[in-house]
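Report on one structure; see the data block that follows.
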Amino acid sequence: MNDLPDHQNGEASHRGGFGDFAGETTGLIDRSFREQIVLVAVQFPGFSSDQVDANLDELAQLVDTAGADPVDRVIQKRAAPDPATYVGKGKANEIQATSEESDADTVVFDDELSPAQQFNLEKILKRTALDRTALILDIFAQNATTLEGKAQVELAQLKYRLPRLRGRGNHLSQQGGGIGTRGPGETQLEVDRRRIQRRLAKLEKELTGLRRTRKNQRKSRRRSRFHTVAIVGYTNAGKSTLLNRLTGAEVLVEDRLFATLDATTRRLPLPGGETVLITDTVGFIQKLPTGLVEAFKSTLEEVAEADLLLHVVDSSGFDPEAQMQAVRSVLRDIGAGDIPELTVFNKVDRLEDDGIDHLLLRHEGSIGFSARTGQGTDHLLASIGDRLRSLTQIVELLIPWSRGDVLAAAHREGEVLLEQHQEHGTRISARMDEVSQRLLSDFIVHDVSERAG
């Protein structure tokens, strides 16, 4: 399956490389040893030094997660990126000297580089130049375990790699000979591009089938009348730990970025007697590559079709507000920006009381919680139930004495608040969603206009 050689310029040392993309995902970071990495960030107008430092701290975490060691940092102030080298040729030479002194194998930039910028930087740096997008793709490739996850990651990697292919000269150009084939012929670069495009088409077809399967699964869940809750949040905010705490799901939990990529759905009984379906989803991050968002569309559709979002925030993080903004930006991109949201500040066991109180006051309706210790679990479950009930309407039904089956369905489909036995049958007041109301529409005698709070 390794039929796509990596044609790089030759002046940079590419121990990692994208490798062979013909049905498998490979990494950019060589994990046979701990690579030494120099981190580079540019401070543009409107960004503070603290923000840039925080972004580099996160980039260092990403590098560590990928299996390498950050050994130095370079920060530059610029009004705008240099079109040719992102940082300017002079700064690039400075980074090259820093890399030599640090014996660094690779330089990682905190923003996305264009193919031309990456090509020019590698000529100057004489080593691999990667950007945040490539690094995140590498981590996703490590952590993808299911067939769907691997296909999604490979699709994003190939789309990233395709415009970055480059050949090494005319010795690659002769692919045939004889009458009608003399001349430059087809270059190896063109062959590689065609192979990648074929692989892309195959992956798209496979993922379309998987999306269809997920769509059918969601239809089946909707027919079950269960409300759906999606756990969203910044990577490493504690989403999987929360799912495990609430349901005993035993999802992998590690203190690193993007430890889990695949959606996991479990049933969750609530204190009011209702059962909901709760789904853990892939974590978000600032500057999440658009290619990943597109590739993970079928997984993220679980979020877009949920009744309620549990937005898990690491309350002990450096800048919870910035992380919340990054998550909500992705939610808007996938069409989930208008779904009701319950903000859950996790890891409150790491904060002083006044610290969590400040966050709760700033975000009305939010709650504090510790997925590690279980602190606040009862409040969280009650809040989920209250929020879901607020999405339903109170309706009144009059059910004839002869229709015990309908009365049983009313108890099954909604939350019966009041039941009175009258001359012509049983009159009940119940909370019901729109699907249940349609099912029992023949017996509804009065709609209560105001929402249940």
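The values are calculated or read from the model by the stated rules, or taken from the named source; none is laboratory data. What you see is a predicted model, and the numbers here were worked out from it, not measured in a lab. Positions of Cβ are backbone-derived with ideal geometry, glycine not excepted, and every protein chain shown enters the neighbour counts.
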Problem set entry | Selection status of Asp131, modelled with pLDDT of 90 or more and more than 16 Å from Lys205 (Cα to Cα) | yes
Seminar exercise, completed: From the option list Glu450, Glu419, Glu364, Glu396, single residue qualifying as at pLDDT below 85 and either in a strand (DSSP E or B) or of a type outside the set (Gly, Ala, Ser) (or both) is Glu450
Exercise. Can Ala306 be described as among the aliphatic types (A, V, I, L, M) and within 20 Å of His227 (Cα to Cα)?
Worked result: yes
Exercise. What's the number of the condition Asp354 fails, among (1) farther than 26 Å from Leu309 by Cβ; (2) outside the structural domain of Phe296 (by TED's automatic domain parsing); (3) not β-branched (Val, Ile, Thr)?
Worked result: (2)
Exercise. Assuming Ala336 fulfils every condition listed in (1) closer than 20 Å to Ala54 by Cα; (2) surrounded by 21 or more Cβ atoms within 10 Å (Cβ to Cβ) apart from one, which condition is it?
Worked result: (1)
Problem set entry | Candidates Leu380, Leu439, filtered to the one that is under 39 Å from the mean Cα position of the chain (by Cα) and over 30 Å from Leu351 (Cα atoms) | Leu439
Exercise. If you take the residues in region 371-393 that are charged (D, E, K, R) and under 25 Å from Glu434 (Cα atoms), which one is modelled with the lowest pLDDT?
Worked result: Arg389
Problem set entry | region 215-232 - residue that is within 15 Å of Glu301 (Cα to Cα) and buried (at least 19 other Cβ atoms within 10 Å of the Cβ) and, of those, modelled with the lowest pLDDT | Thr228
Seminar exercise, completed: Expected output for region 130-158 (first residue closer than 21 Å to Ser114 by Cα and outside the structural domain of Ala263 (by TED's automatic domain parsing), partner aromatic (Phe, Trp, Tyr) and part of a helix (DSSP H, G or I), Cβ below 7 Å, 6+ apart or cross-chain) is Thr133/Tyr160; Ala134/Tyr160; Leu137/Tyr160; Val153/Phe140
Exercise. Any idea which of Arg212, Arg194 is among the basic types (Lys, Arg) and either at pLDDT 85 or above or in contact with a helix residue (DSSP H, G or I) (Cβ under 7 Å, 6 or more places away or on another chain) (or both)?
Worked result: Arg194
Problem set entry | Residues being closer than 30 Å to Leu342 by Cβ and surrounded by fewer than 16 Cβ atoms within 10 Å (Cβ to Cβ) - total across region 420-437 | 2
Problem set entry | Single residue of Glu364, Glu396 found to be touching a residue at least 40 places away in the same chain (Cβ under 8 Å) and among the charged types (D, E, K, R) | Glu396
For this session: Give Ser390, Ser383 a once-over and let me know the one that is touching a residue at least 40 places away in the same chain (Cβ under 8 Å) and surrounded by 18 or more Cβ atoms within 10 Å (Cβ to Cβ).
Result: Ser383
Exercise. What is the one condition in (1) assigned by TED's automatic domain parsing to the domain that holds Leu242; (2) in contact with a helix residue (DSSP H, G or I) (Cβ under 8 Å, 6 or more places away or on another chain); (3) surrounded by fewer than 20 Cβ atoms within 10 Å (Cβ to Cβ) that Asn346 does not satisfy?
Worked result: (3)
Exercise. Hey, among the residues in region 31-58 that are surrounded by 15 or more Cβ atoms within 10 Å (Cβ to Cβ), touching an Asp or Glu at 6+ places or on another chain (Cβ under 8 Å) and not in a helix (DSSP H, G or I), which one's modelled with the lowest pLDDT?
Worked result: Glu35
Exercise. Residues in region 399-406: is at least one crowded, with 18+ Cβ neighbours inside 10 Å and in the same structural domain as Leu309 (by TED's automatic domain parsing)?
Worked result: no
